[in-house]
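Asks: One structure, as C-alpha coordinates, below. Some questions next.
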(Lines give C-alpha, C1' and ligand atoms only; values in the text may rest on other atoms or scores of the structure.)
Protein backbone atom coordinates (compact mmCIF):
# COMPACT_ATOMS: atom_id res chain seq x y z
CA UNK A 1 0.00 0.00 0.00
CA UNK A 2 3.00 2.25 0.21
CA UNK A 3 4.85 3.78 -2.70
CA UNK A 4 8.34 2.68 -3.80
CA UNK A 5 10.12 4.88 -1.27
CA UNK A 6 8.19 3.89 1.87
CA UNK A 7 7.88 0.01 2.21
CA UNK A 8 0.94 1.21 1.59
CA UNK A 9 -7.00 15.90 6.68
CA UNK A 10 -9.48 17.99 7.48
CA UNK A 11 -11.82 16.32 9.97
CA UNK A 12 -10.96 13.90 11.39
CA UNK A 13 -7.33 15.06 11.17
CA UNK A 14 -6.88 15.15 14.92
CA UNK A 15 -8.05 11.58 15.36
CA UNK A 16 -5.90 10.30 12.51
CA UNK A 17 -2.90 12.18 13.82
CA UNK A 18 -3.32 10.76 17.31
CA UNK A 19 -3.19 7.22 15.95
CA UNK A 20 0.41 7.90 14.98
CA UNK A 21 1.51 10.48 17.52
CA UNK A 22 0.18 8.77 20.63
CA UNK A 23 0.95 10.21 24.06
CA UNK A 24 2.93 7.86 26.28
CA UNK A 25 3.57 9.88 29.44
CA UNK A 26 3.97 7.76 32.57
CA UNK A 27 1.00 8.11 34.87
CA UNK A 28 1.48 8.94 38.56
CA UNK A 29 0.37 6.41 41.14
CA UNK A 30 -2.44 8.26 42.89
CA UNK A 31 -1.84 6.63 46.27
CA UNK A 32 1.93 7.13 46.52
CA UNK A 33 2.63 9.97 44.06
CA UNK A 34 5.45 7.93 42.49
CA UNK A 35 5.73 7.09 38.82
CA UNK A 36 4.05 3.78 38.00
CA UNK A 37 6.19 1.21 36.24
CA UNK A 38 5.44 1.45 32.48
CA UNK A 39 3.74 -1.45 30.79
CA UNK A 40 5.92 -3.19 28.17
CA UNK A 41 3.93 -1.77 25.24
CA UNK A 42 4.36 1.78 26.55
CA UNK A 43 8.15 1.50 26.59
CA UNK A 44 9.63 4.22 24.36
CA UNK A 45 11.81 2.76 21.61
CA UNK A 46 12.50 6.05 19.80
CA UNK A 47 11.75 9.78 19.90
CA UNK A 48 11.59 12.31 17.08
CA UNK A 49 11.83 15.92 18.22
CA UNK A 50 10.45 14.74 21.55
CA UNK A 51 7.56 12.74 20.06
CA UNK A 52 7.74 9.13 21.27
CA UNK A 53 7.38 5.89 19.38
CA UNK A 54 6.34 3.21 21.84
CA UNK A 55 6.94 -0.51 21.67
CA UNK A 56 3.18 -1.00 21.34
CA UNK A 57 3.00 1.32 18.35
CA UNK A 58 6.00 -0.37 16.78
CA UNK A 59 4.47 -3.82 17.19
CA UNK A 60 1.14 -2.70 15.79
CA UNK A 61 2.69 -1.10 12.72
CA UNK A 62 5.05 -4.05 12.28
CA UNK A 63 2.05 -6.38 12.07
CA UNK A 64 0.03 -3.99 9.90
CA UNK A 65 2.86 -3.93 7.37
CA UNK A 66 2.58 -7.68 6.85
CA UNK A 67 5.24 -8.90 9.28
CA UNK A 68 4.51 -11.53 11.91
CA UNK A 69 5.87 -10.90 15.38
CA UNK A 70 7.01 -14.50 15.88
CA UNK A 71 8.16 -15.42 12.37
CA UNK A 72 9.87 -12.11 11.57
CA UNK A 73 11.46 -11.51 14.95
CA UNK A 74 14.99 -11.21 13.56
CA UNK A 75 16.59 -8.26 15.34
CA UNK A 76 18.08 -6.81 12.14
CA UNK A 77 14.66 -6.78 10.47
CA UNK A 78 13.02 -5.14 13.48
CA UNK A 79 15.78 -2.54 13.82
CA UNK A 80 15.54 -1.64 10.14
CA UNK A 81 11.77 -1.32 10.42
CA UNK A 82 12.20 1.00 13.40
CA UNK A 83 14.66 3.10 11.38
CA UNK A 84 12.08 3.48 8.64
CA UNK A 85 9.40 4.31 11.19
CA UNK A 86 11.59 7.09 12.62
CA UNK A 87 12.21 8.48 9.13
CA UNK A 88 8.50 8.30 8.37
CA UNK A 89 7.74 10.32 11.48
CA UNK A 90 10.39 12.87 10.51
CA UNK A 91 8.81 13.31 7.09
CA UNK A 92 5.30 13.54 8.46
CA UNK A 93 6.32 16.18 10.99
CA UNK A 94 8.07 18.12 8.22
CA UNK A 95 4.93 17.96 6.07
CA UNK A 96 2.87 19.28 8.97
CA UNK A 97 5.41 22.03 9.65
CA UNK A 98 5.12 23.05 5.99
CA UNK A 99 1.32 23.17 6.35
CA UNK A 100 0.72 20.48 3.74
CA UNK A 101 -2.91 19.34 3.74
CA UNK A 102 -4.66 16.16 2.64
CA UNK A 103 -8.44 16.34 2.56
CA UNK A 104 -10.91 13.60 3.40
CA UNK A 105 -12.12 13.60 -0.21
CA UNK A 106 -8.58 12.85 -1.42
CA UNK A 107 -8.31 9.95 1.01
CA UNK A 108 -11.65 8.50 -0.10
CA UNK A 109 -10.59 8.77 -3.74
CA UNK A 110 -7.39 6.86 -2.97
CA UNK A 111 -9.39 4.15 -1.19
CA UNK A 112 -11.86 3.93 -4.10
CA UNK A 113 -8.94 3.53 -6.47
CA UNK A 114 -7.58 0.71 -4.31
CA UNK A 115 -10.96 -1.04 -4.40
CA UNK A 116 -11.23 -0.73 -8.19
CA UNK A 117 -7.69 -2.01 -8.68
CA UNK A 118 -8.20 -5.07 -6.46
CA UNK A 119 -11.86 -5.66 -7.25
CA UNK A 120 -12.87 -6.24 -3.64
CA UNK A 121 -14.32 -4.38 -0.69
CA UNK A 122 -11.42 -2.86 1.21
CA UNK A 123 -13.06 -3.25 4.62
CA UNK A 124 -13.63 -6.96 4.09
CA UNK A 125 -10.12 -7.42 2.73
CA UNK A 126 -8.54 -5.69 5.74
CA UNK A 127 -10.78 -7.52 8.21
CA UNK A 128 -9.65 -10.84 6.73
CA UNK A 129 -6.07 -9.79 7.48
CA UNK A 130 -6.94 -8.61 10.99
CA UNK A 131 -6.23 -4.95 10.14
CA UNK A 132 -8.33 -2.14 11.62
CA UNK A 133 -9.84 -0.02 8.84
CA UNK A 134 -9.49 3.34 10.63
CA UNK A 135 -5.83 2.71 11.40
CA UNK A 136 -5.19 1.66 7.82
CA UNK A 137 -6.98 4.82 6.74
CA UNK A 138 -4.63 6.84 8.95
CA UNK A 139 -1.73 5.16 7.12
CA UNK A 140 -3.23 6.37 3.84
CA UNK A 141 -3.39 9.93 5.21
CA UNK A 142 0.24 9.76 6.33
CA UNK A 143 1.33 8.31 2.98
CA UNK A 144 -0.38 11.09 1.06
CA UNK A 145 1.07 13.79 3.31
CA UNK A 146 4.56 12.40 2.74
CA UNK A 147 3.96 11.93 -0.99
CA UNK A 148 3.01 15.60 -1.33
CA UNK A 149 6.07 16.68 0.62
CA UNK A 150 8.43 14.52 -1.45
CA UNK A 151 6.68 15.63 -4.63
CA UNK A 152 7.44 19.27 -3.81
CA UNK A 153 10.99 18.86 -2.57
CA UNK A 154 12.24 15.99 -4.72
CA UNK A 155 10.20 14.94 -7.75
CA UNK A 156 9.46 18.40 -9.16
CA UNK A 157 13.13 19.33 -9.04
CA UNK A 158 14.25 16.43 -11.26
CA UNK A 159 14.19 16.42 -15.07
CA UNK A 160 15.63 14.17 -17.78
CA UNK A 161 16.70 15.79 -21.04
CA UNK A 162 16.53 14.25 -24.50
CA UNK A 163 20.34 14.56 -24.66
CA UNK A 164 20.64 12.38 -21.55
CA UNK A 165 18.34 9.78 -23.10
CA UNK A 166 20.37 9.68 -26.34
CA UNK A 167 23.65 9.43 -24.40
CA UNK A 168 22.34 6.51 -22.32
CA UNK A 169 21.09 4.75 -25.46
CA UNK A 170 24.42 5.13 -27.24
CA UNK A 171 26.37 3.84 -24.25
CA UNK A 172 24.07 0.86 -23.60
CA UNK A 173 22.93 -0.35 -27.01
CA UNK A 174 23.67 -3.96 -26.14
CA UNK A 175 20.96 -3.71 -23.47
CA UNK A 176 18.26 -3.07 -26.06
CA UNK A 177 18.23 -6.34 -27.94
CA UNK A 178 14.81 -7.87 -28.41
CA UNK A 179 13.81 -11.52 -28.41
CA UNK A 180 11.38 -12.74 -31.03
CA UNK A 181 7.84 -11.69 -30.10
CA UNK A 182 4.27 -12.43 -31.09
CA UNK A 183 1.19 -10.25 -30.89
CA UNK A 184 -1.86 -12.22 -29.80
CA UNK A 185 -5.57 -11.78 -29.14
CA UNK A 186 -7.51 -14.08 -26.87
CA UNK A 187 -11.06 -14.86 -25.83
CA UNK A 188 -11.51 -16.36 -22.36
CA UNK A 189 -14.76 -17.95 -21.16
CA UNK A 190 -15.67 -19.98 -18.10
CA UNK A 191 -16.72 -23.31 -19.64
CA UNK A 192 -15.42 -25.58 -22.38
CA UNK A 193 -18.84 -25.59 -24.06
CA UNK A 194 -18.76 -21.79 -24.32
CA UNK A 195 -15.25 -21.95 -25.77
CA UNK A 196 -16.32 -24.51 -28.40
CA UNK A 197 -19.24 -22.27 -29.34
CA UNK A 198 -16.87 -19.29 -29.70
CA UNK A 199 -14.54 -21.36 -31.89
CA UNK A 200 -17.40 -22.42 -34.14
CA UNK A 201 -18.50 -18.80 -34.58
CA UNK A 202 -14.96 -17.78 -35.47
CA UNK A 203 -14.63 -20.56 -38.05
CA UNK A 204 -17.93 -19.41 -39.47
CA UNK A 205 -16.46 -15.95 -40.09
CA UNK A 206 -17.15 -13.98 -36.90
CA UNK A 207 -14.73 -11.13 -36.20
CA UNK A 208 -12.33 -12.14 -33.42
CA UNK A 209 -12.02 -8.68 -31.81
CA UNK A 210 -15.79 -8.11 -31.81
CA UNK A 211 -16.44 -11.52 -30.30
CA UNK A 212 -13.79 -10.88 -27.65
CA UNK A 213 -15.55 -7.66 -26.63
CA UNK A 214 -18.87 -9.50 -26.39
CA UNK A 215 -17.82 -12.79 -24.82
CA UNK A 216 -14.42 -12.63 -23.14
CA UNK A 217 -14.14 -12.41 -19.36
CA UNK A 218 -10.47 -11.30 -19.46
CA UNK A 219 -9.43 -7.70 -18.63
CA UNK A 220 -8.32 -6.92 -22.20
CA UNK A 221 -11.77 -7.77 -23.62
CA UNK A 222 -12.53 -4.06 -24.08
CA UNK A 223 -9.58 -3.81 -26.49
CA UNK A 224 -10.75 -6.77 -28.54
CA UNK A 225 -8.74 -9.31 -26.57
CA UNK A 226 -5.42 -7.74 -27.62
CA UNK A 227 -2.57 -8.95 -25.38
CA UNK A 228 0.07 -6.94 -27.21
CA UNK A 229 3.53 -8.31 -27.96
CA UNK A 230 5.31 -10.83 -25.75
CA UNK A 231 8.15 -13.32 -25.95
CA UNK A 232 8.15 -17.01 -25.11
CA UNK A 233 8.31 -17.52 -21.35
CA UNK A 234 6.68 -14.21 -20.47
CA UNK A 235 3.20 -15.70 -20.26
CA UNK A 236 1.82 -18.83 -18.53
CA UNK A 237 2.82 -22.13 -20.13
CA UNK A 238 -0.65 -22.61 -21.62
CA UNK A 239 -0.01 -19.61 -23.89
CA UNK A 240 2.96 -21.30 -25.61
CA UNK A 241 0.62 -22.83 -28.17
CA UNK A 242 0.55 -19.47 -29.98
CA UNK A 243 4.22 -19.74 -30.98
CA UNK A 244 3.34 -22.64 -33.28
CA UNK A 245 0.60 -20.73 -35.10
CA UNK A 246 0.97 -19.07 -38.48
CA UNK A 247 0.11 -15.38 -38.80
CA UNK A 248 -3.67 -15.03 -38.68
CA UNK A 249 -4.07 -18.56 -37.35
CA UNK A 250 -6.24 -19.59 -34.38
CA UNK A 251 -5.70 -22.17 -31.69
CA UNK A 252 -8.17 -24.76 -30.52
CA UNK A 253 -9.68 -24.56 -27.02
CA UNK A 254 -6.93 -24.23 -24.41
CA UNK A 255 -7.66 -24.82 -20.72
CA UNK A 256 -5.83 -22.88 -18.01
CA UNK A 257 -6.44 -21.89 -14.37
CA UNK A 258 -8.07 -18.72 -15.75
CA UNK A 259 -10.70 -20.47 -17.86
CA UNK A 260 -10.94 -21.71 -21.46
CA UNK A 261 -9.03 -19.75 -24.11
CA UNK A 262 -9.09 -19.34 -27.85
CA UNK A 263 -6.03 -17.53 -29.25
CA UNK A 264 -5.36 -15.74 -32.53
CA UNK A 265 -1.85 -14.85 -33.74
CA UNK A 266 -1.96 -11.30 -35.11
CA UNK A 267 1.71 -10.63 -35.85
CA UNK A 268 5.29 -11.76 -35.37
CA UNK A 269 8.23 -9.52 -34.57
CA UNK A 270 11.71 -11.01 -35.19
CA UNK A 271 14.56 -10.76 -32.73
CA UNK A 272 16.75 -7.70 -33.19
CA UNK A 273 17.84 -4.35 -31.80
CA UNK A 274 15.29 -1.84 -30.61
CA UNK A 275 15.70 1.70 -31.89
CA UNK A 276 15.89 4.92 -29.88
CA UNK A 277 12.30 5.86 -30.74
CA UNK A 278 11.09 2.54 -29.36
CA UNK A 279 12.99 2.74 -26.06
CA UNK A 280 13.19 6.49 -25.34
CA UNK A 281 10.26 6.45 -22.88
CA UNK A 282 11.71 3.41 -21.11
CA UNK A 283 15.12 5.11 -20.77
CA UNK A 284 13.58 8.39 -19.65
CA UNK A 285 11.61 6.66 -16.87
CA UNK A 286 14.67 4.71 -15.73
CA UNK A 287 16.86 7.84 -15.55
CA UNK A 288 14.08 9.81 -13.87
CA UNK A 289 13.65 7.19 -11.15
CA UNK A 290 17.41 7.03 -10.59
CA UNK A 291 17.63 10.81 -10.26
CA UNK A 292 14.61 10.97 -7.97
CA UNK A 293 15.98 8.23 -5.72
CA UNK A 294 19.40 9.89 -5.51
CA UNK A 295 17.87 13.27 -4.71
CA UNK A 296 15.52 11.68 -2.20
CA UNK A 297 18.44 10.10 -0.33
CA UNK A 298 20.26 13.45 -0.17
CA UNK A 299 17.07 15.21 0.93
CA UNK A 300 16.38 12.61 3.63
CA UNK A 301 19.94 12.88 4.91
CA UNK A 302 19.50 16.65 5.25
CA UNK A 303 16.20 16.14 7.06
CA UNK A 304 17.80 13.69 9.49
CA UNK A 305 20.58 16.18 10.07
CA UNK A 306 18.22 18.90 11.29
CA UNK A 307 15.96 16.58 13.32
CA UNK A 308 16.62 15.63 16.92
CA UNK A 309 15.95 11.92 17.31
CA UNK A 310 16.98 9.01 19.51
CA UNK A 311 16.60 5.27 18.92
CA UNK A 312 16.69 2.72 21.74
CA UNK A 313 17.45 -0.65 20.14
CA UNK A 314 17.81 -2.27 23.57
CA UNK A 315 14.20 -1.39 24.46
CA UNK A 316 13.12 -2.83 21.11
CA UNK A 317 14.87 -6.12 21.90
CA UNK A 318 13.08 -6.35 25.23
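Asks: Quick check, is residue 106 in the same structural domain as residue 147 (by TED's automatic domain parsing), surrounded by fewer than 14 Cβ atoms within 10 Å (Cβ to Cβ) and out of contact with any strand residue (DSSP E or B) (no Cβ under 6 Å at 6 or more places or on another chain)?
Replies: No, not satisfied.
Asks: On to the next question. I'm checking my understanding of the structure. Among residues of region 232-247 that are over 25 Å from the mean Cα position of the chain (by Cα) and in a loop (DSSP other than H, G, I, E, B), which one is nearest to residue 207 (Cα to Cα)?
Replies: That would be 247.
Asks: OK, next. Would you point out the residue of region 272-318, among those that are part of a loop (DSSP other than H, G, I, E, B) and touching a strand residue (DSSP E or B) at 6+ places or on another chain (Cβ under 6 Å), that is farthest from residue 89 (Cα to Cα)?
Replies: 274
Asks: If you don't mind, another one. Out of region 107-154, which residues are outside any helix (DSSP H, G or I) and touching a helix residue (DSSP H, G or I) at 6+ places or on another chain (Cβ under 6 Å)?
Replies: Once the filter is applied, which keeps residues that are outside any helix (DSSP H, G or I) and touching a helix residue (DSSP H, G or I) at 6+ places or on another chain (Cβ under 6 Å), region 107-154 yields 131, 154.
Asks: May I pose another question? So which residues in region 254-271 are outside any strand (DSSP E or B) and closer than 15 Å to residue 217 by Cα, if there are any at all?
Replies: 257, 258, listed by residue number.
Asks: In addition: Would you pick out the residues in region 155-172 that are outside any loop (DSSP other than H, G, I, E, B) and surrounded by 13 or more Cβ atoms within 10 Å (Cβ to Cβ)?
Replies: Those that are outside any loop (DSSP other than H, G, I, E, B) and surrounded by 13 or more Cβ atoms within 10 Å (Cβ to Cβ): 155, 164, 165, 166, 167, 168, 169.
Asks: State which residue is modelled with the highest pLDDT when the search covers only region 176-208 and only residues that are surrounded by fewer than 17 Cβ atoms within 10 Å (Cβ to Cβ), in contact with a helix residue (DSSP H, G or I) (Cβ under 9 Å, 6 or more places away or on another chain) and under 24 Å from residue 269 (Cα atoms).
Replies: Top of the filtered list is 180.
Asks: Which one of the conditions (1) more than 24 Å from residue 83 (Cβ to Cβ); (2) surrounded by fewer than 13 Cβ atoms within 10 Å (Cβ to Cβ) does residue 264 fail to meet, given that it meets all the rest?
Replies: (2)
Asks: Another question about this same structure. Do we find that residue 227 is assigned to a strand (DSSP E or B) and buried (at least 16 other Cβ atoms within 10 Å of the Cβ) in this structure?
Replies: Considered against the rule, which asks whether it is assigned to a strand (DSSP E or B) and buried (at least 16 other Cβ atoms within 10 Å of the Cβ), residue 227 comes out as yes.
The values are calculated or read from the model by the stated rules, or taken from the named source; none is laboratory data. The structure displayed is predicted, hence computed values, not measured ones. Counting neighbours? That spans all protein chains shown, and the Cβs are built from the backbone with ideal geometry, glycine included.
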